[in-house]
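Heads up: the structure comes next, in structure tokens.
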Number of protein chains: 2
Amino acid sequence: MAGRIKFQQSLDDLKQRLLVMAGMAEQAITRSIDAYRTRDLSICEQVFRSEPAINRLEREIDQMALDLLAMEQPMAIDLRFILSVIRINADLERVGDQAVNIAVRVREMGAFANTDLPVDIPRLASLASAMVRKALEAFVEADAESAEAVLKMDDQVDEMNDAAFGALSSLIKERPELTPQSLNALIISRNLERVGDHATNIAEDVIFWVRGADVRHSMSKK
Amino acid sequence: MAGRIKFQQSLDDLKQRLLVMAGMAEQAITRSIDAYRTRDLSICEQVFRSEPAINRLEREIDQMALDLLAMEQPMAIDLRFILSVIRINADLERVGDQAVNIAVRVREMGAFANTDLPVDIPRLASLASAMVRKALEAFVEADAESAEAVLKMDDQVDEMNDAAFGALSSLIKERPELTPQSLNALIISRNLERVGDHATNIAEDVIFWVRGADVRHSMSKK
């Protein structure tokens, strides 16, 4: 019985570490978009500097999960929980990667005039970040219904990204001198669309854990 | 003892299914590039039609892995093997996604004149595919050294993708009427760069499984 209580405590520790990981990934995205808005390259540097810490925490969480799998014979729902943590952990690390990709693009844009572009990157970013946050809330609450709401938000992110692609292509054709800034904005928009994809993966993992059903590729659409 | 032999047999079945998954993902990439070369939209359709089968196999493999984790108390190396399969499986499914993304772009390009672009997409694709194939060979042979060779190949893919970005940006500036084709080629190049990233992830998983060490973020660089 004491072993069981200790095991539950370890599962809770694992969850807490994953939430720290989520906070770091989300902060990295927020910073990269602050850098985009302000063109402040020192914020880009903060994003680059935070990456090794995110990577270290990813390894630490994986090791905790692996130790739990090795030492105990978890019951079905605990097993699904641990596997979900492993998957969510990988997705959060990739959210951090997207923040780095965005910061690289912002740094590139620094060489060119700051110009008005037909894409609302901060709005797209806040939508993608909200998806990550809501997916993690669903994880904390073990709430499959909230997780399903995240899947629906992804359509909006995809639409905004598609609209950005169209608007930026037209701009490039009309004003080729704006090509570098437009291409960088186009890639940042795609990076944010991928953040939305990672949030979708996380939401699907929550549903898988809570309901024991694999919803991937059925409820959400590509 | 019989239970142990049966367990080893199940591990081998799992490996065989993962190799089928790898073959399907690789074929999807090959087809999407055939479609690019020939602008044959019926090949795009083949890529779209193969996606549900890849997704089904991903779920099947995950379920096999989960059942093995739930039913047995695997030893450390077997546990690492099963976790590696779960991760490699997810990466292969995302390679399939990239093939779909490429096919979507090829279909878009169909509306515009076929023009010579300063990017050798088939060469980039064959390098990225070779990475996936070699990572899977390293997996079959449990060969960490071959897996390390895959990590080195990724630098070349990144360089080719960066060069494509530069060359296509310049082309767009000089000849804005080629914007749609150039943007689509630029995105296909990035899709292939992501295939290389997935192969890198797979190679790292092989090293993790064989050596018991987590090499992520240390040997390979972003």
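The values are calculated or read from the model by the stated rules, or taken from the named source; none is laboratory data. This one's a predicted model, so the numbers in the text were calculated from it and none came from an experiment. Quick reminder, even Gly has a Cβ in these numbers, built from the backbone with ideal geometry, and neighbours come from all protein chains shown.
Between A:LYS152, A:LYS173, the distinction of being more than 14 Å from chain B (Cβ to nearest Cβ) and of a type in the set (Lys, Arg) belongs to A:LYS152 only. Take B:ASP91 and decide whether it is crowded, with 21+ Cβ neighbours inside 10 Å, under 30 Å from A:LEU79 (Cα atoms) and touching a residue at least 12 places away in the same chain (Cβ under 8 Å). Taking the combined requirement at face value, the residue satisfies it. One residue stands out in region A:138-176 among those that are surrounded by fewer than 17 Cβ atoms within 10 Å (Cβ to Cβ) and of a type in the set (Asp, Glu): the one that is farthest from the chain's Cα centre (by Cα), namely A:GLU174.
Restricting the first residue to region A:108-131 and requiring it to be crowded, with 19+ Cβ neighbours inside 10 Å, which pairs with a second residue that is part of a loop (DSSP other than H, G, I, E, B) meet a Cβ separation below 9 Å and a spacing of at least six or different chains? These pairs meet every condition: A:MET109/A:ARG39.
If you go through region A:63-81 and keep only what is at the interface with chain B (Cβ under 7 Å from one of its Cβ atoms) and either surrounded by fewer than 18 Cβ atoms within 10 Å (Cβ to Cβ) or under 30 Å from A:ILE102 (Cβ atoms) (or both), you end up with A:ALA70, A:GLN73, A:ALA76. Of all residue pairs spaced 6 or more apart or on separate chains, those with beta-carbon atoms under 7 Å, a first member in region B:36-57 that is part of a helix (DSSP H, G or I) and a second member that is among the acidic types (Asp, Glu) are B:ILE43/B:ASP34; B:ILE54/B:GLU93; B:ASN55/B:GLU93. Report yes if some residue within region A:136-147 is more than 14 Å from every other protein chain (Cβ to nearest Cβ), within 25 Å of A:ASN89 (Cα to Cα), outside any helix (DSSP H, G or I) and at pLDDT 95 or above; otherwise report no. Yes, there is a match, as at least one residue in region A:136-147 is more than 14 Å from every other protein chain (Cβ to nearest Cβ), within 25 Å of A:ASN89 (Cα to Cα), outside any helix (DSSP H, G or I) and at pLDDT 95 or above.
Output yes when any residue across region B:183-195 is more than 19 Å from the chain's Cα centre (by Cα), buried (at least 16 other Cβ atoms within 10 Å of the Cβ) and in a helix (DSSP H, G or I), and no when none is. Yes, the conditions are met somewhere in region B:183-195. The number of residues in region A:1-49 that are within 14 Å of A:ILE102 (Cα to Cα), among the polar types (S, T, N, Q) and surrounded by 13 or more Cβ atoms within 10 Å (Cβ to Cβ) comes to 4. Under the condition of being under 17 Å from B:LEU168 (Cα atoms) and β-branched (Val, Ile, Thr), which residue from region B:103-125 is farthest from the other protein chains (Cβ to nearest Cβ)? The extreme case among them is B:ILE121.
With respect to the stated conditions, A:VAL106 is in contact with a Leu (Cβ under 9 Å, 6 or more places away or on another chain) and either of a type in the set (Val, Ile, Thr) or within 18 Å of A:ALA164 (Cα to Cα) (or both).
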